[in-house]
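Here's the structure we're looking at; comments come further down.
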Ligand code: NAD
């Protein structure tokens, strides 16, 4: 049964007491919970597929690719490195601290609140749980109510597999979350839009609780002159159509030279046909839009610019065809808001420098993409663009590297996770210094003198 708001204070007390008694600190407990999480994913493959099909029509291969495979890889990665990450990290001690030794001791923060978004509703709620467990914390999970079938499944499975003394699921929407945010957590890990991110940060400020905000934004994709247009088109189409574009790191718009635009669009048309056939609205390999509100919002974008490919939609199935827009103005709503759907505006720029200027005039994106054959362009783009993540000659694929920290910058978020970055984010890196008692270097003690001053310089 779902935990009601009036029960939150009691829940917090129980979790706090389990944490204070050291339940979650033992490495054996952490390993056991990670193993249980892996079992939960493996033994409930069919139920997970069914929930994601109900919420998003998500094809099974996309469930594996975008949700479960990443989790399994993160679990394996963390499990193998848990002991190493948790060990004291020795640092050097300068002369003035001799005799002595110094180290950094990671320690768990305490109670972590994890709030997920609806677009990858399994991955986004469980991926932060992996470092939360690995770092020895207790956790409360609040899945997004918008992916309702998945939220219900998470609420059912987590207590069956994980230790309820330290890990709970709270279901609910705005009213419940508002109450939950009044509780005192030691860290809030939020994934979602920037508007709610601000609400989270305000609530967290009440208790001086640190936050990680995994937000979104408009991730640009630049096609450099001379780039391999076929390869770019294939990867772009894949990255934009995965989850029907409802991906925080999906390429949001494309910047290409006017002379390359026709060839790029033709290549995208061919790739779309190869991947999804002629009737894309009926493709079994293609997701639906999460709900009517988002469907209507996205259909509203189709009235701007000119439709080069696609443009079809079906309110009954809440599906929108992969659509390429051209002749869009930077002032059109489709270029003012994060699209978060299968619509790709292709704008023209005269040079890489102009593309860089265009991107830098806007908020810092979560991801930026460049397709190029030139190392010079690569270096220029890399040094000029501030972005959460950067990928050259592909999209999204950096997510498959557990040692690459994932997270935004500026308006696209704060704080990173995946691999050790997640472990460190949900740990306090406590400084420890241990002094020897002899010999005593007296230079720091009064009475002060010119001689001592000289020694200190
Ligand atoms: P959402 O509506 O599911 O909201 C996310 C969470 O916020 C949910 O748990 C929801 O219950 C809670 N919430 C909503 N309104 C609230 C309120 N008024 N007060 C307190 N809590 C509230 O998700 P969304 O915001 O539609 O997600 C889409 C956005 O998330 C996009 O901008 C996307 O780019 C971003 N996103 C980022 C990542 C990432 O990893 N950086 C991943 C996925 C999505």
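The values are calculated or read from the model by the stated rules, or taken from the named source; none is laboratory data. All values derive from a computational prediction rather than experimental measurement. Using ideal geometry, Cβ is built from the backbone for each residue, glycine included, and neighbour counts are taken over all protein chains shown.
Below is a table of values for the structure above.
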item	result
Residue check, residue 432 part of a helix (DSSP H, G or I) and either crowded, with 18+ Cβ neighbours inside 10 Å or away from the ligand (no atom under 14 Å from the Cβ) (or both)	no
Residue match in region 229-242 (condition: assigned to a loop (DSSP other than H, G, I, E, B) and either assigned by the TED database to the domain that holds residue 395 or within 13 Å of the ligand (Cβ to nearest atom) (or both))	no
Strands (runs of 3 or more DSSP E) enclosed by region 68-178 - at least 2 residues per element that are away from the ligand (no atom under 16 Å from the Cβ)	89-91, 100-108
Selected residue (criterion: farthest from the ligand (Cβ to nearest atom)) from residues of region 389-420 that are without any contact (Cβ under 8 Å) to a residue 60 or more places away in the chain and in a helix (DSSP H, G or I)	397
Some residue of region 184-200 being without any contact (Cβ under 8 Å) to a residue 12 or more places away in the chain, more than 9 Å from the ligand (Cβ to nearest atom) and not in a loop (DSSP other than H, G, I, E, B)	yes
Selection from region 42-67 of residues that are crowded, with 19+ Cβ neighbours inside 10 Å and part of a helix (DSSP H, G or I)	48, 51, 52, 55, 56, 62, 63, 66, 67
Any hit, region 413-423, residues being at pLDDT 95 or above and within 18 Å of residue 103 (Cα to Cα)	yes
Which numbered condition residue 343 fails, given (1) more than 16 Å from the ligand (Cβ to nearest atom); (2) in contact (Cβ under 8 Å) with a residue 60 or more places away in the chain; (3) more than 30 Å from residue 73 (Cα to Cα)	(1)
Qualifying position, being within 16 Å of residue 168 (Cα to Cα) and surrounded by fewer than 24 Cβ atoms within 10 Å (Cβ to Cβ), among 136, 116, 110, 100	110
Count of region 356-388 residues which are surrounded by fewer than 18 Cβ atoms within 10 Å (Cβ to Cβ), over 21 Å from the mean Cα position of the chain (by Cα), touching a residue at least 60 places away in the same chain (Cβ under 8 Å) and under 18 Å from residue 253 (Cα atoms)	1
Members of region 366-388 that are more than 16 Å from the ligand (Cβ to nearest atom), in a loop (DSSP other than H, G, I, E, B) and in contact with a strand residue (DSSP E or B) (Cβ under 8 Å, 6 or more places away or on another chain)	372, 385
Residue match in region 86-95 (condition: within 26 Å of residue 16 (Cα to Cα), surrounded by 19 or more Cβ atoms within 10 Å (Cβ to Cβ) and not assigned by the TED database to the domain that holds residue 276)	yes
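Residue by residue, here is whether (1) touching a residue at least 12 places away in the same chain (Cβ under 8 Å); (2) within 26 Å of the chain's Cα centre (by Cα); (3) more than 30 Å from residue 341 (Cα to Cα) holds:
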position: 78; (1), (2), (3): yes, yes, yes
position: 82; (1), (2), (3): yes, yes, yes
position: 91; (1), (2), (3): yes, no, yes
position: 94; (1), (2), (3): no, no, yes
position: 101; (1), (2), (3): yes, no, yes
position: 110; (1), (2), (3): yes, yes, yes
position: 120; (1), (2), (3): yes, yes, no
position: 123; (1), (2), (3): yes, yes, no
position: 127; (1), (2), (3): yes, yes, no
